[in-house]
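Notes to accompany the following structure.
The values are calculated or read from the model by the stated rules, or taken from the named source; none is laboratory data. Quantities reported herein were computed from a predicted structural model and do not represent experimental measurements. Note that we place each Cβ from the backbone using ideal geometry, even for glycine, and neighbour counts take in every protein chain shown. Heads up: the accessible areas ignore ligands, DNA and RNA and are worked out on the full protein's heavy atoms, side chains in. Shrake-Rupley method; radii C 1.70, N 1.55, O 1.52, S 1.80 Å.
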Amino acid sequence: MNLSTPLSPVTRIMTISTLVAAAALALGYGLNQQFVGSLIFIALGLLWLVGQRYAQTASAGLGLLGFAVGALLGTLYGVQSGWLLVGITAALVAWDLHHFIQHLRINEQRAPDTENSAATATDTETDADAAPRLDTRARLEAEARMLEREHLRRLAIVSGLGLLLGALALTVRLTLSFGVIVVLGVVAIFALSRLIRYLRQESD
Amino acid sequence: MRRLLFLSLLVYGLVIAGLVMVSGNAVALAMPLVVYLAAAFVFSPEKPRLVITRTLSANIVHHGAPATVTVTVHNQGTKLEEVLIEDAVPQGLTVTDGEPWTQTSLPPGGKTEFSYVVEGKRGNYPFRYLRATVNEHLGLFRQQGWLEVGANLMVLPELLRLEHLDIRPLRTRGYAGPIPSRLAGSGTDFFGVREYQLGDPLRWINWRASARHQHALFTNEFEMERIADVGLILDARQNNNVVVENDSLFEHAISATAGLAEAFINDGNRVGMLVYGRGLEMTYPGYGKVQRERIMQALAHARTGDSLVFESLDYLPVRFFPAKSQIVLVSPLRKEDLSILTRLRARGYQVLVVSPDPVTFEAQKYAPLSEADASVQLALRITRVERELMLRRLRRVGIQVINWQVDQPFANVMRTALVRPVMPTNRIVRIER
């Protein structure tokens, strides 16, 4: 089964997100006269694109990590936070879509011989005999397309909300006392321990 | 799972770095990731409550015939954003159409169905498990489980169709059939002449014999045709099997046995079967279509095996076969089998040996090698001579032997070998002049 055609919009959005992430960070660093930083992010973006082209799963994680570290360093160098926020959000979208495409490719590989066997069998068959195969293929493609739509919709909402909240967090300034910071730290550690417990349960 | 851990660590990294650097902007950068994580957590799937049924278009199919497997999934729990159902297709079956999996989303009370077509070689294929994987759209949280949904597909062996087989067991059963019974009665073949008795049809009177006597009339007698007991023995000893390039001599023996069973049953005979190898797998004698199905199913299950006890044919349960009945042994044969076959013959059984030729089978598979190497050629000749001598010894004790080279059509071989012999006159009528 070839799912490349229905996947192409996702691939396009992933490529655009990668370019936007690289461009936002490069522009942010460039506007701050950090041209080396700009070059690094352009290179990182290109490397990530190459990784996407050759379906390297690890490149997604490395790409997001690179852009996140770059955004964090940008706050130290005084890069305008808006660019950094846009960059990290776009990188998150690209990271997500990279994994989503891999996920659908696994499904594609799950059914290795269908097309070949159909091709050899239909040599002597009529169109009516071939109809069930087309049905199966159409059903799977329709389901893949539906899941793709739902995924993109969820991702758009999540990234839009994240961008909005991030922008809000950048504009709203709160002064927290040391006690509040300690409480927040404890909550963070508690949440981390819960997460680890959850992951252990799942791995069991 | 790795993605969830990776993203969580990234969020923590950004937050902690923000706290260390006392930078609100750094913390704000983690916001899209936090929202992403939170959304995945909120929509994380509960343990799915799925009711899955698997139906087969037929539980028993013939060799080469496809079977359609239909899996129906009912969601009796909450909404499942993304559910992947994978059917574990038993090893040995090939999916020829459709896919044994589906991926979709299911609302509460929703239902989905998928079908695929499988084909396989002879055997029994138990379907057991299906794997269900449920996750939310972002794919961070996932639930996975195996569900046991049983079904069974049996593929019957390939059938080598045969026409009527002429056999001559010493004893027949009491019902009319196609086998000459060595008894006088109603039939078609001439059997003898006896004195006329009241009630004999006039057209049976032998006028030529009667003309020689002034005060006596003589009547022709015919040989009754009855059904018989036939016992099939399939040799399933591992040592006797030859496997070359995924082609097994045993599979040819199975097909031959299936063809023989069908031909004998079609003639109305009472047929039983014994698979001798791993153990003793018996199909008790019976008639008709039901018996045919029993034998075919037993053949579908038949496997070669090793057993110290059944290494030779010495433990053949002779009492399984009615006295003086027809025994058909399907076996590549080995030297040690000669004694038991001779004993069977001595006990009054009519023995027919159908022997798939292992020497030719193996030689043909290694043809290029054997043609090139003179020593291989010599070994082949010696083995052939040994086998021919063994078969001659069997023929000498009155056992019918059919040496079947499996590349030749079985029906032709049987037709040629089982030409009804000219029946010797076993009843002499002395006519006194």
Failed item in (1) in a strand (DSSP E or B); (2) within 12 Å of chain A (Cβ to nearest Cβ); (3) open to solvent by 40 Å² or more (accessible area, probe 1.4 Å); (4) not β-branched (Val, Ile, Thr), with B:His74 passing the rest: (2)
Residue match in the stretch A:53-63 (condition: over 13 Å from the mean Cα position of the chain (by Cα), surrounded by 15 or more Cβ atoms within 10 Å (Cβ to Cβ) and of a type in the set (Gly, Ala, Ser)): no
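If only one of A:Leu163, A:Leu184, A:Leu168, A:Leu174 is open to solvent by 60 Å² or more (accessible area, probe 1.4 Å), facing chain B (nearest Cβ under 9 Å) and in a loop (DSSP other than H, G, I, E, B), which one is it? Reasoning before the result, please.
Working: A:Leu163 fails: in a loop (DSSP other than H, G, I, E, B); A:Leu184 fails: in a loop (DSSP other than H, G, I, E, B); A:Leu168 fails: in a loop (DSSP other than H, G, I, E, B).
Within the list A:Leu163, A:Leu184, A:Leu168, A:Leu174, the selection yields A:Leu174.
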Where A:Gly78 falls short, out of the listed (1) within 11 Å of chain B (Cβ to nearest Cβ); (2) open to solvent by 30 Å² or more (accessible area, probe 1.4 Å); (3) modelled with pLDDT under 85; (4) over 16 Å from the mean Cα position of the chain (by Cα): (3)
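Condition test on A:Gln52, is it away from every other protein chain (no Cβ under 13 Å), within 29 Å of B:Trp101 (Cα to Cα), in contact (Cβ under 8 Å) with a residue 40 or more places away in the chain and not hydrophobic (A, V, I, L, M, F, W, C)? Lay out the reasoning, then the answer.
Values: away from every other protein chain (no Cβ under 13 Å): yes; within 29 Å of B:Trp101 (Cα to Cα): yes; in contact (Cβ under 8 Å) with a residue 40 or more places away in the chain: yes; not hydrophobic (A, V, I, L, M, F, W, C): yes.
It is true that A:Gln52 is away from every other protein chain (no Cβ under 13 Å), within 29 Å of B:Trp101 (Cα to Cα), in contact (Cβ under 8 Å) with a residue 40 or more places away in the chain and not hydrophobic (A, V, I, L, M, F, W, C).
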Looking only at the stretch A:6-35, and only at residues there that are at pLDDT below 90 and out of contact with any helix residue (DSSP H, G or I) (no Cβ under 8 Å at 6 or more places or on another chain), the one that is most open to solvent (accessible area, probe 1.4 Å): A:Gln33
Any hit, the stretch B:115-130, residues being open to solvent by 30 Å² or more (accessible area, probe 1.4 Å), at pLDDT 90 or above, within 14 Å of chain A (Cβ to nearest Cβ) and part of a loop (DSSP other than H, G, I, E, B): no
Residue in the stretch B:144-154 that is assigned to a strand (DSSP E or B), within 14 Å of chain A (Cβ to nearest Cβ) and β-branched (Val, Ile, Thr) present: no
So B:Glu82, is it at the interface with chain A (Cβ under 8 Å from one of its Cβ atoms), in contact (Cβ under 8 Å) with a residue 40 or more places away in the chain, open to solvent by less than 20 Å² (accessible area, probe 1.4 Å) and not aromatic (Phe, Trp, Tyr): yes
Matching residues, the stretch B:10-59, being part of a helix (DSSP H, G or I), more than 8 Å from chain A (Cβ to nearest Cβ) and under 58 Å from the mean Cα position of the chain (by Cα): B:Leu37, B:Ala38, B:Ala40, B:Phe41, B:Val42
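Filter the stretch B:272-316 down to the residues that are among the aliphatic types (A, V, I, L, M) and over 18 Å from the mean Cα position of the chain (by Cα), then identify the one that is most open to solvent (accessible area, probe 1.4 Å).
B:Leu308
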Count - residues of the stretch B:280-320 that are in contact with a Phe, Trp or Tyr (Cβ under 7 Å, 6 or more places away or on another chain) and not aliphatic (A, V, I, L, M): 2
Verdict on B:Thr104 being within 11 Å of another protein chain (Cβ to nearest Cβ) and surrounded by fewer than 15 Cβ atoms within 10 Å (Cβ to Cβ): no
Residues that are closer than 30 Å to A:Ser177 by Cβ, among the β-branched types (Val, Ile, Thr) and surrounded by fewer than 17 Cβ atoms within 10 Å (Cβ to Cβ), drawn from the stretch B:1-59: B:Ile16, B:Val20, B:Val22
Lone qualifier among B:Phe264, B:Phe218, B:Phe310 - being touching a strand residue (DSSP E or B) at 6+ places or on another chain (Cβ under 8 Å) and not assigned by TED's automatic domain parsing to the domain that holds B:Val353: B:Phe218
